[in-house]
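The values are calculated or read from the model by the stated rules, or taken from the named source; none is laboratory data. This is a predicted model, so every value here is computed, not measured. Positions of Cβ are generated from backbone atoms using ideal geometry, with glycine treated the same way; all protein chains shown enter the neighbour counts.
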Amino acid sequence: MDRICKFLRLSGSERALLLRATILLAAIRLGLSALPFASLRNMLARLATTGSRTENQPGGAAGQRMVWAVETASRQFPAIGTCLTQALAAHVLLARRGYDSNLRIGVARNSQGKFVAHAWLEKDGAVLIGGAWHKNYAPMPVLNGLEP
């Protein structure tokens with residue numbers, strides 16, 4: 001009940017943004033399990049170019065609200081909120097408003113020697129989302145946007 005009350009206390013635009021982020025996270029999660037990554041990237045690239053490009057300031061309030069929406073939706077629905085889905089969803093939401101960002105993926109070995117990976121989103125070297133763990137991973141080359 002507390003979650004519903006918090007949701008209802010948000011402004012109409014914040015509720016709409018949170019719902020968009022949740023739907024986008026779920027769609028990306030489904031896409032990751034059903035499609036080749038290249039196909040999903042192409043679909044997300046088309047989606048990212050359909051918005052109104054009104055800003056291009058990485059620290060802008062609108063950009064911070066989009067990251068907030070993705071992080072909040074991910075906390076409420078952990079099954080759809082993996083680091084990769086969060087980075088992809090934030091990239092799409094930001095790109096639709098004119099924010100440029102870079103998808104980063106890093107790799108490491110865990111204590112059992114297994115290969116593990118982490119994704120995050122950057123703008124000019126600053127981590128926008130997924131930054132809590134990124135320093136533990138050796139970054140692969142930058143994936144600029146969602147271009148194939």
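Only one residue in ALA62, ALA26, ALA69, ALA90 is assigned to a helix (DSSP H, G or I), over 29 Å from ALA138 (Cα atoms) and in contact (Cβ under 8 Å) with a residue 12 or more places away in the chain, so which one is that?
Just one listed residue meets the conditions, ALA62.
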I'd like to know if segment 110-117 contains one or more residues that are of a type in the set (Gly, Ala, Ser) and either in contact (Cβ under 8 Å) with a residue 40 or more places away in the chain or assigned to a helix (DSSP H, G or I) (or both).
no
In segment 124-139, is there at least one residue being surrounded by 18 or more Cβ atoms within 10 Å (Cβ to Cβ) and in a strand (DSSP E or B)?
yes
Which condition breaks for LEU19 when tested against (1) free of Cβ contacts under 8 Å to residues at least 24 places away in the same chain; (2) exposed (fewer than 12 other Cβ atoms within 10 Å of the Cβ)?
(2)
LEU146 under 18 Å from ILE28 (Cβ atoms), surrounded by 13 or more Cβ atoms within 10 Å (Cβ to Cβ), touching a Lys or Arg at 6+ places or on another chain (Cβ under 8 Å) and modelled with pLDDT of 90 or more
no
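Taking ALA79, is it under 18 Å from ALA26 (Cα atoms) and touching a residue at least 40 places away in the same chain (Cβ under 8 Å)?
Values: under 18 Å from ALA26 (Cα atoms): yes; touching a residue at least 40 places away in the same chain (Cβ under 8 Å): yes.
For ALA79, the condition - under 18 Å from ALA26 (Cα atoms) and touching a residue at least 40 places away in the same chain (Cβ under 8 Å) - is met.
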Just to check your reading of the model, which residue among SER74, SER39, SER33 is of a type in the set (Gly, Ala, Ser), without any contact (Cβ under 8 Å) to a residue 60 or more places away in the chain, closer than 22 Å to LYS123 by Cα and in a helix (DSSP H, G or I)?
SER74
